[in-house]
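Let me begin by presenting the structure, written as structure tokens, before commenting on it.
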Amino acid sequence: MNQAELTAGSLEAGEIRRTPQFRFYRRLVRRPVAVAAILIILVVYTAGVLAPVVAPYHFDDADLHNTFASPSGDHLLGTDRLGRDVLSRLVWSAQTTVIISALTVIGGSLILGVSLGLTTGYFAGRVDSVIMRVADALYSVPTFLLILIINATMKDRIKSLFHDIEDFSGIGGLVRSGAPNFFLLSLALSIFGWVGMARLVRSQVLSLRESNYVLAARAIGSSTPRILFRHLLPQLTNLMVVTITLSLGAVALAEVSLTFLGIGVEDHASFGVMIFQYAGPTNVRAHPLLLFAPTIVVASLMLSFNLLGDALTDILSPRRR
Amino acid sequence: MNGLAAYVLRRLLLVPVILFVVSMVTFALGRYAPNDYVAIQAGSRARPETIERIREERGLNDPVYEQYIRYVGKALRGDFGQSVKYRGTDVQDVIFPRLWVTLQYNAVVMLLTFAIGIPVGTWAALRRGTWLDPLSIGTFVLVASVPVLVSVPLLQWLFAVKLGWLPTGGWNERNILGVKVGIFSAEAILPVLALTLVSVAGLARYMRAQVLDVLDQDFVRTARAKGLNEYPVITRHVVRNALLPIATLMGFELASLFTGSIILETLLGIPGIGLFAFESIGSRDYDSIMAIVLLGALVFQIAMLLVDIAYGFIDPRIRLSAEGPT
């Protein structure tokens, strides 16, 4: 930061408290490309969250009298081979993306990543080296192949586990809603997805651990959990938000790819299912519009995540171009 | 380079350990999966006694750890079991022809990527600040962002269906000097095009950033100050230095060989290692899956090691201590 910016900042500073967080978001908002990317991501994810409300039809509502309909007032993007509304299928597919992303972020990044990162960073020594070796090992195996195999082999076992849960607890419809697949897919993605977050938290904690305020906190007798969660973790929220944002695109793409291969989500709409059903020479020859719908959404989502990622890394380390 | 040698040695020692762990996990997944793969392979009309006999013959009723030890013992002697799809054929005799198919188009993609990406990236960097700049960066980001799963069906629609210039998929081999080569056929154009677009855009974007970094360095100013023409400054001083980090990208390309090929080959019906992996998983062909995973992990390990070594040579400041780069 240069002198002019510093003085400007101190002149502006009146009643409003300008935290580093605030400055970070202000810089982000000043980039039109980043704002556009955020908007696209928000539209897709909001549509996914509100799918039961905003989708005009259910994703499986077939209307065999009205197959391959052109876009019209009733079906804004037309219908497919079974007369299912394409727009509704897109919206429900976005819901799949939202669910998988949320579960994977909570399981992989937040629970596994943050706790392991805090542990390894704060308690150096044997635990640290063991966990970091595991992280190295996870980086040096073909992840996608292993996720594929885990999903393919464990699918039926997880399903029967959920059947047992249904019988035991009396909750119905768990298996039919596709919950086992969501669970398994997110679990597999989490097992391989915590490394980035853990490394980030670890490196930050390593440097913060020696800072004066942690020393002070320890001197007045704060317990270790208190130091970790009250003093260290809040310092990392910005970086954590960035790391999670950067990982969301990969998670979404992994779900779409695995489902395309017939191994990810079942009994639910997904962009992967849509691409699988609408791609291929024969389908595309007759109805190219059907293919454009899911591919354009997936492509714009990936583009937005990349653009946002560029903007975020640019703000955090301005020397990179 | 003493530290580097020690580091490489440590990493090499780690390779068998990781292969061991990966094989154990994959083996356990295969054996604990509820689907009885013998029953699947025997077909729906097989009698229960037959299935039980096959299980007994193959030793599938033994404890899993015994089966695993037996597998490792055989694998170390070069026996990876037999393929299910091609009965009576050893897994390695199926895998290597498949790998050869994947290698062919990937090698061409890599060559094209470097041949196009480096000049394009350099060119984009030298136009910094002009109206071309946002246009070229925008194109790079756009093209690099589109995943193969999206780009291939769209390219297929455009070139094979709409324009009719290319075949829609498949793989067409012909015999050249006794070797089956498929890269010179029209079928190879679509996969090469799809992969090259993504890689070139990614490389050009990276190269542009590297060149811009180098352009700001003092030695470039010195070169210009001593009166060199612009061309030798760029080729001899700038590009050469910008290229160094690019070398590491080769390793990442190699690492993505296995996983990247699954989607592409499934979409286009190319009988390479990716499609084989997909088929084997679908038909619960565990001997083939094990061999593919092991080979994939090995290739991945080597690629990552190459990347690390390249980093070490390029930038001695990166401390390759016994702990490795952190």
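The values are calculated or read from the model by the stated rules, or taken from the named source; none is laboratory data. Just so it is clear, the structure is predicted and the values come from calculations on it, not from any experiment. Virtual Cβ from ideal backbone geometry, glycine too; neighbours counted across all protein chains shown.
Test B:L99 against the stated conditions and say whether it is of a type outside the set (D, E), within 22 Å of B:F184 (Cα to Cα) and either modelled with pLDDT of 80 or more or in a helix (DSSP H, G or I) (or both). In short, yes. Taking the criterion of being within 13 Å of chain B (Cβ to nearest Cβ) and either of a type in the set (V, I, T) or in contact (Cβ under 8 Å) with a residue 40 or more places away in the chain (or both), the only residue of region A:156-170 that qualifies is A:I158. Taking the numbered list (1) more than 18 Å from the chain's Cα centre (by Cα); (2) touching a residue at least 40 places away in the same chain (Cβ under 8 Å) in turn, A:I147 passes all entries but (1). The condition of being part of a helix (DSSP H, G or I), at pLDDT 75 or above and touching a Phe, Trp or Tyr at 6+ places or on another chain (Cβ under 6 Å) holds for only one of B:T235, B:T266, that being B:T266. Within region A:244-256, the only residue that satisfies the criterion of being polar (S, T, N, Q) and crowded, with 19+ Cβ neighbours inside 10 Å is A:S247. From (1) over 23 Å from A:S300 (Cβ atoms); (2) under 26 Å from the mean Cα position of the chain (by Cα); (3) of a type outside the set (A, V, I, L, M, F, W, C), pick out the condition that doesn't hold for B:T130. Among (1) over 23 Å from A:S300 (Cβ atoms); (2) under 26 Å from the mean Cα position of the chain (by Cα); (3) of a type outside the set (A, V, I, L, M, F, W, C), the lone unmet condition for B:T130 is (2). Is it true that B:F219 is in a helix (DSSP H, G or I) and not charged (D, E, K, R)? So B:F219 fits the description; yes. Annotation: B:V161 fulfils all but one of (1) surrounded by 14 or more Cβ atoms within 10 Å (Cβ to Cβ); (2) outside any helix (DSSP H, G or I); the unmet one is (2).
The conditions of being in contact with an Asp or Glu (Cβ under 7 Å, 6 or more places away or on another chain) and either surrounded by 17 or more Cβ atoms within 10 Å (Cβ to Cβ) or within 13 Å of another protein chain (Cβ to nearest Cβ) (or both) are not met by A:T143.
If you filter region B:32-58 down to residues that are farther than 20 Å from B:K85 by Cα and at pLDDT 70 or above, you find that the one that is nearest to the other protein chains (Cβ to nearest Cβ) is B:Y32. Being farther than 30 Å from A:R176 by Cα, out of contact with any Phe, Trp or Tyr (no Cβ under 8 Å at 6 or more places or on another chain) and aliphatic (A, V, I, L, M), is that true of even one residue in region A:104-115? So far as region A:104-115 goes, yes, one or more of its residues are farther than 30 Å from A:R176 by Cα, out of contact with any Phe, Trp or Tyr (no Cβ under 8 Å at 6 or more places or on another chain) and aliphatic (A, V, I, L, M). Of the residues contained in region B:143-150, none is found to be within 25 Å of the chain's Cα centre (by Cα) and either exposed (fewer than 15 other Cβ atoms within 10 Å of the Cβ) or more than 11 Å from every other protein chain (Cβ to nearest Cβ) (or both).
May I ask you to verify whether B:A204 is more than 11 Å from every other protein chain (Cβ to nearest Cβ), closer than 22 Å to B:F114 by Cα, small (G, A, S) and surrounded by 13 or more Cβ atoms within 10 Å (Cβ to Cβ)? For B:A204, the condition - more than 11 Å from every other protein chain (Cβ to nearest Cβ), closer than 22 Å to B:F114 by Cα, small (G, A, S) and surrounded by 13 or more Cβ atoms within 10 Å (Cβ to Cβ) - is met. Determine if region B:166-183 includes at least one residue that is loosely packed, with under 15 Cβ neighbours inside 10 Å, part of a strand (DSSP E or B) and among the basic types (K, R). Yes, region B:166-183 has at least one match. Taking helices (runs of 4 or more DSSP H) as the structural unit, those lying wholly within region A:202-321 and holding at least 3 residues that are within 13 Å of chain B (Cβ to nearest Cβ) and either at negative phi or modelled with pLDDT under 85 (or both) correspond to A:237-260, A:271-278, A:281-286, A:288-316. For region B:207-222, residues that are under 22 Å from A:T313 (Cβ atoms) and away from chain A (no Cβ under 12 Å) total 1.
Exactly one residue among A:I131, A:I149, A:I111 is more than 30 Å from B:S283 (Cβ to Cβ), within 14 Å of another protein chain (Cβ to nearest Cβ) and among the aliphatic types (A, V, I, L, M), and that residue is A:I131. Among the residues of region B:249-286, those that are buried (at least 21 other Cβ atoms within 10 Å of the Cβ) and among the acidic types (D, E) comprise B:E265, B:D285. Only one of the listed residues (B:A124, B:A160) is within 14 Å of chain A (Cβ to nearest Cβ), aliphatic (A, V, I, L, M) and touching a helix residue (DSSP H, G or I) at 6+ places or on another chain (Cβ under 6 Å). That residue is B:A124.
Against the test of being of a type in the set (G, A, S) and either over 21 Å from the mean Cα position of the chain (by Cα) or within 20 Å of A:H58 (Cα to Cα) (or both), the options A:S270, A:S304 yield a single qualifying residue, A:S270.
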